[in-house]
Amino acid sequence: MDGTTTHSRTGGRWIQHWDPEDTAFWETTGRRVARRNLAFSVLSEHIGFSIWSLWSVMVLFMGKAYGIDPAGKFFLVAMPTLVGAFVRVPYTVAVARFGGRNWTIVSALLLLLPTLTAAYVMHPGTSYTTFMLVAALTGLGGGNFASSMTNINAFYPARHKGWALGLNAGGGNIGVPVIQLVSLGVIAWAGAGHPRLVLGIYLPLIVVAALCAALFMDNLAPMRADTGSIAAIVREKHTWLMSVLYIGTFGSFIGFSFAFGLVLQNQFGRTPLQAAQLTFLGPLLGSVIRPLGGRLADRFGGARITLFNFAAMAAAAGVVTYASSIRSLPVFLCGFVALFALAGLGNGSTYKMIPGIFDAKAQDRIAAGDSAEDAAAWSRKMSGAAIGVIGAVGALGGLFINLAFRQSFLVAKSGTPAFVSFLAAYAVCSVLTWAVYLRRPSGATQSAGTPALAQV
């Protein structure tokens, strides 16, 4: 198991043997190769997140001349999250079918489509239907996350997955505040009438990401396309339980990221420039802190960190609800930025739980007679499939949040009712985390694998 790159599978850079759980292999070869692939995976995913969140900044450029009301804008920024959620499953499968390097190249180049079409239609007089269709194309950027996470999950041993997946996702998530900072610079320098400047900046970056993937990344031959693993994972109850938790963490992060600027404009009367000066703060903090969530989960257990995190998110949602009701911008910003930070922390801890759950179940398979090698292969296959499905369902949280804001502003002319619903959702996630992954059943009801699951 030398980790050497060959050309034997379908042409291209293929590593034929990969065993990161072998300590000697990992120290001599695996760590270096994994880190190189992680670095360029982060670059591509970062650009993908920026394009996925493109319309969260494009709406800041859409003044009265565009003829779109606040409810319409919330629906517009919700569309990419819907599409991004659905493409995550095929993007996950594509990594095993075509190779992590090969699919990173393709998925990066696909980002040219939403970027170029946005540049073509971004002017007053374009129909709302056209804007919705073009916004839907940016959902392709959401798929990059699932394929990148599935790929990196296969490169790292279980003991380092929390940190690696957290770093990979955090580096991708930070694409959200970066494009918001880019838009702030464009608005401050050229005014709100030049949205195409933002798109012009990203077009060459997309090409650079694809080129770097081609030059420096690898495919893992042991990863094989297995639609059966997707079918098996959708029958696994933990897939859906973890999807609910991921809706609460990642769904909050991406939903709030897309909606923050619109909330500031419509509830607190901020101008596009004033909104742009603030929108990047929460997503930036949430992105930077995500690897810490993975690191803490590696050390203390993902479920423990996730439980603490949801309790804190419920408290922060209470602060935001209060600030929204009295229209206090300083208190609102403190609570909302705290929500972003906690969502980022929870992103890291929940993703650590996914491979942990299947590693625990692999121990049950060993106890039932499977070999350690077969059980480890099963765990990698199932956790990779779970990452794609859970990531897809979790992304729908961004859709739910923007639809909640849309309805809240339509009915109450305020975001307060939406924040109350978020508080309740975080309380439910706290109870779910404790009941399933931390509570130890009595001996009469304890089932095989429960003690191990309590440590994920």
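The values are calculated or read from the model by the stated rules, or taken from the named source; none is laboratory data. This one's a predicted model, so the numbers in the text were calculated from it and none came from an experiment. Don't worry about glycine lacking a Cβ; one is built from the backbone with ideal geometry, like all the others, and counts go over all protein chains shown. Quick note on the areas: whole protein, heavy atoms, side chains included, nothing else; ligands and nucleic acids left out. Shrake-Rupley method; radii C 1.70, N 1.55, O 1.52, S 1.80 Å.
Some observations on this one:
- Spin-label zone in region 122-138 - amide nitrogen under 17 Å from a point set 7 Å from the Cα of ALA190 along the C-beta vector: 122-124
- Helix 70-98 and the longest principal axis of the C-alpha atoms of the chain enclose an angle of approximately 20°.
- Over the chain: Kirkwood hydrodynamic radius from C-alpha pairwise inverse distances, Å: 22.1 Å
- Distant-in-sequence amide contacts of VAL456, defined by a placed amide H-H separation under 5 Å and a gap of 5 or more residues or a different chain, comprise ALA303.
- Charge dipole (debye, nearest 20) of the chain; +1 at Cβ of Lys and Arg, -1 at Cβ of Asp and Glu: 580 debye
- A cut-off of 5 Å between modelled amide H atoms, ignoring neighbours fewer than 5 places along the same chain, links ILE15 with THR6, ASN219, LEU220, ALA221.
- Karplus-derived 3J(HN,Hα), 6.51/-1.76/1.60, for each residue of region 266-272, Hz, glycine and proline x: 8, 9, 10, x, 6, 6, x
- Centre-to-centre, using Cα atoms only, region 224-264 and region 136-209 are separated by 18 Å.
- Residue-normalised accessible area of the chain, expressed per residue, 1.4 Å probe, Å²: 37 Å²
- In this view, the solvent-accessible surface of ARG97, computed with a 1.4 Å probe and all protein chains in place, comes to about 130 Å².
- Residues ARG159 and LEU438, FRET efficiency given R0 of 25 Å [Cβ-Cβ distance, rounded to 0.05]: 0.75
- In sequence order, region 252-259 has phi-based couplings of 5, 4, 6, x, 5, 4, 6, 9 Hz under the Karplus curve 6.51 cos²θ - 1.76 cosθ + 1.60, θ = phi - 60°, and Gly or Pro positions carry x.
- Distance between the pseudo-spin-label points of THR271 and ALA315 (7 Å out from Cα toward the beta carbon): 3.8 nm.
- 222 nm mean residue ellipticity, helices alone, for the chain (DSSP H n ≥ 4; -39,500 (n - 2.57); rounded to 500): -25000 deg cm²/dmol
- Magnitude of the charge dipole for region 190-294, about its Cα centre and with charges confined to Cβ atoms of Lys, Arg (+1) and Asp, Glu (-1), is about 200 debye.
- Ligands, DNA and RNA left out, the 1.4 Å accessible surface of the chain is 67% carbon and sulfur atoms.
- Per the Kirkwood formula applied to alpha carbons, region 43-154 shows a radius of gyration over Rh ratio, Rg over Rh, of 1.04.
- Length, then width, then depth: along the principal axes, the Cα atoms of region 333-450 run 61, 32, 24 Å.
- Maximal additional length on extending the LEU281-GLN407 stretch stands at 42.8 nm, based on 0.36 nm per residue less the C-alpha distance.
- Total lysine pairs whose alpha carbons fall under 21 Å of each other in the chain (8 or more apart, or interchain): 12
- Near-label residues of region 259-279 by backbone N, under 16 Å of a point 7 Å along Cα→Cβ of ARG327: 263-271
- Note on surface exposure: TYR120, TYR246, TYR66, TYR322 rank TYR120, TYR322, TYR66, TYR246 by accessible area, highest first, 1.4 Å probe.
- Label zone at ALA39 (point 7 Å along Cα-to-Cβ), backbone N below 18 Å, region 198-228: 208-219
- Karplus-derived HN-Hα couplings along region 355-365 (A = 6.51, B = -1.76, C = 1.60, θ = phi - 60°), whole Hz, x at Gly and Pro: x, x, 4, 7, 5, 5, 5, 5, 5, 4, 5
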